[in-house]
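K.L.:
Pasting a structure below so you can have a look.
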Amino acid sequence: MIDDLDLGFDEAERGEKGRHRRSFRKRNGGSGGGRGKTFLALLMALVLLGAIGGGAFYGFDRIQSYFVTPDYDGAGSGEITVEIKNGALLADMAEALVAADVVKSQKAFIEAAEANSRSKNIQPGTYTLRKQMSGQNAVTAMLDLKNKIVNGLTIPEGRTSMNIYKLLSEKTKIPVKDFQAAAKDPEALGVPDWWFKRDDGKKVVKSIEGFLYPDTYEIPPKSTAQSILKLMVNRFLSVTGEMKFADTVQEKRKVSPYEALIVASLAQAEAGNADDLGKVARVAYNRAYGEFFCNCLEMDVTVNYYLESIGKPTKSSKQMTQSELDDPKNPYNRKLRGMIPTPINSPGKAALEGAMDPPPGKWVFFVAVDKQGHSEFAETPEQHERNKDKARAAGIID
């Protein structure tokens with residue numbers, strides 16, 4: 001406003017002009033520069049009200065979320081696959097569903113699941129679902145087995161890693177060599193380094209053998225050899241952790257968990273009946289660590305493991321030659337003093353329990369005596385001969 005600039009008028013002139021301006025405003029009922037100030041004040045008020053309103057709205061929205069569950073409406077659209085991992089709780093499932101934009105909030109899914117008594121039947125695995133489903137619809141969809149991608153494979157107890165690779169390859173079409181390559185580094189597959197320690201002074205051979213837990217697995221789509229073996233190792237760690245296998249064998253058996261795992265694999269291979277798993281484990285401990293005449297295992301199953309590992313067919317005890325039974329190049333030689341280098345298969349839970357807590361006994365001999373695979377156990381050669389007579393009478397051995 002040019003009137004307010006100092007153009008060289010003295011104070012009197014400025015005072016006179018000021019009176020004229022005030023007189024003009026009064027006569028015309030206007031405000032002149034006051035109109036600008038009023039507009040500015042109005043604008044500031046609107047901005048302030050907007051800020052307060054926005055903050056209030058944001059605060060209301062946050063408070064409302066505590067009382068109103070954020071949820072999508074309807075059955076959703078499109079298609080997406082979501083993996084629910086083993087051991088997942090409702091909160092874990094909800095987190096996976098939110099990450100895939102299947103449900104709007106974890107709370108929406110959890111509330112819907114808690115309201116549905118059948119939700120406990122939701123299984124781990126991979127599901128085909130829709131995006132932006134209501135929590136209720138997501139729960140219903142996951143209870144419908146037609147939405148579950150079934151790609152199951154059962155790994156039987158007592159299979160060697162070599163045999164397991166073949167089973168996995170047949171199911172997944174992943175080449176056996178990929179599994180062999182992945183298995184070269186057991187620790188990369190999740191086996192903790194403390195498992196590879198021995199208390200018997202022998203050199204540790206790091207092998208995946210024994211850690212591929214026998215169970216039924218859902219193989220997720222686009223799995224790799226490494227991811228599948230990791231899944232099996234993780235299952236082994238979960239089962240043995242729940243059993244407190246490592247702590248128990250160190251405290252009660254006074255051996256390392258790795259040596260006890262070897263014993264479990266021997267029991268799995270040798271016992272013809274589940275009832276005898278613990279007793280066979282006791283025999284293995286007695287032979288390798290006790291006062292058995294050679295402190296050796298003298299089990300033909302270790303010979304067969306070696307034959308399979310070098311690509312030769314396995315044989316029955318009667319078919320084995322003397323050179324195969326006592327091959328000095330075989331690191332699993334049945335006359336090897338003490339415990340063998342690694343497990344020879346993947347033992348199941350019952351075999352692990354047998355090695356963890358075998359029944360007391362000084363047995364060093366056993367022989368199957370019936371067609372159900374039950375064995376008789378003996379402490380002396382004389383007792384063993386009598387048991388062999390029973391086996392012959394039953395037609396089990398010649």
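K.L.:
Any idea of Lys362's accessible area? Nearest 10 Å², probe 1.4 Å.
P.N.:
150 Å²
K.L.:
Cα-Cα over 28 Å: which of Lys203/Lys335; Lys315/Lys349; Lys85/Lys203; Lys177/Lys279; Lys131/Lys173?
P.N.:
Those over the limit are Lys85/Lys203; Lys177/Lys279; Lys131/Lys173.
K.L.:
Can you give the Rg and Dmax of the range 295-344 based on its C-alpha atoms, in angstrom?
P.N.:
Reported Rg and Dmax, both Å: 9.8, 29.
K.L.:
Another question, if that's okay. Using all Cα-Cα distances in the range 89-206, what percent lands in each 10 angstrom bin from 0 up to the longest?
P.N.:
12, 28, 20, 25, 13, 3, 0
K.L.:
Next question, about the same structure. For Cys296, list long-range residues whose amide hydrogen, built 1.01 Å from N in the peptide plane, is under 5 Å from its own amide hydrogen.
P.N.:
Residues meeting the amide H criterion: Gly338.
K.L.:
Where the eigenvalues come from the Cα gyration tensor of the range 247-305, what are the semi-axes √(5λ) of the equivalent ellipsoid, largest first, in whole Å?
P.N.:
Taking √(5λ) for each Cα gyration eigenvalue gives 18, 15, 11 Å.
K.L.:
When the convex hull of the C-alpha atoms of the range 276-398 is computed, what volume per residue in Å³ does it have?
P.N.:
Each residue corresponds to 121 Å³ of Cα convex hull volume.
K.L.:
To the nearest 10 Å², what's Tyr306's accessible area with a 1.4 Å probe?
P.N.:
Result for Tyr306: roughly 40 Å² accessible.
K.L.:
Could you please state how large a percent of the accessible area of the range 127-209 is carbon and sulfur, counting protein chains only and using a 1.4 Å probe?
P.N.:
In the range 127-209, the share of accessible area belonging to carbon and sulfur is 48 percent.
K.L.:
Non-local amide H neighbours of Gly348 (under 5 Å, H modeled in plane, Pro and chain starts lacking H): which ones?
P.N.:
For Gly348, the qualifying residues are Gly158.
The values are calculated or read from the model by the stated rules, or taken from the named source; none is laboratory data. Being a predicted model, the structure only gives us computed values, none of them experimental. Just the protein is used for accessible areas: all its heavy atoms, side chains included, with ligands, DNA and RNA removed. Shrake-Rupley method; radii C 1.70, N 1.55, O 1.52, S 1.80 Å.
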